[in-house]
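The values are calculated or read from the model by the stated rules, or taken from the named source; none is laboratory data. All of these numbers come straight from a predicted model, not from anything done at the bench. Here Cβ is always computed from backbone atoms with ideal geometry, including for glycine, and neighbour counts include all displayed protein chains.
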Amino acid sequence: MVANAGAGARQLGRNGWLRSFGVDYAYEDLDAASGSLGATNALVPTLSWSKSVTDDPILTQHGYRIKYSLLGGLEGLLAEATYLSGQLQYKWIQGFAKSYRLIARTDLGVTLTEQVNALPQSRRFYAGGDQSLRGWGFNALGPRASGSTAVSGGRYLAVGSIELERQLAGRWSAALFTDFGNAFDRINAPAPELSAGVGVRWASPIGQIRFDLAFALSEDAHANGLPPARLHLVIGPDL
């Protein structure tokens, strides 16, 4: 069980940067076999800066979105450990040759702490899912608890994606993509996970509806010789 509550404020600054700051409270009580601490309470200050630049917020031809965020806690002040966690999220879109778009994104994170296992699971990094590494389930990738197959979350995050999209007819388009990266505990971690796939998009009035078939290339192949595959559905604007 995880429950969250928070309060904060936003301020639009110079050059289009949006600053957000606040306090987040989380109660967490998860299965200890997955590397959690059992029942925990945490009061965490948060701070972030974000900016979006786009020629069309629904179907972007030229634009980007960037976000920096910081959060942390002090042991003894409604926190299990002292830590500081930072994350950078970036997505870039560039249209070319009338019918094509190149889309790239990255998600990087690092947590400074003496012992990552002293952090609640919700404060660790994971990878996998629609907005991370397609081909795996949500938060299905990362370090695993000792003696368990459950993902316990990591100290670092490094995920990237490159996608080529081509308009077919009207509001329909198709895409080829590859995703790569993982969450991990050491800088010299094993090779990142890798996926690739194909997708179909329909440009709705509220943003693209994206159907993706992703193959987990770094996973062991099935008996038929094909790597595991997963369908993904995402609805919403580009940025």
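When restricted to residues that are of a type in the set (S, T, N, Q) and in contact with a Leu (Cβ under 6 Å, 6 or more places away or on another chain), the stretch 204-221 contains 1.
Scanning the stretch 82-122 for residues that are over 29 Å from Arg201 (Cα atoms), of a type in the set (A, V, I, L, M, F, W, C) and surrounded by fewer than 20 Cβ atoms within 10 Å (Cβ to Cβ) yields Leu84, Val110, Leu112, Ala118. From the list Thr60, Thr46, the one residue that fits, being within 22 Å of the chain's Cα centre (by Cα), at pLDDT below 95 and part of a loop (DSSP other than H, G, I, E, B), is Thr60.
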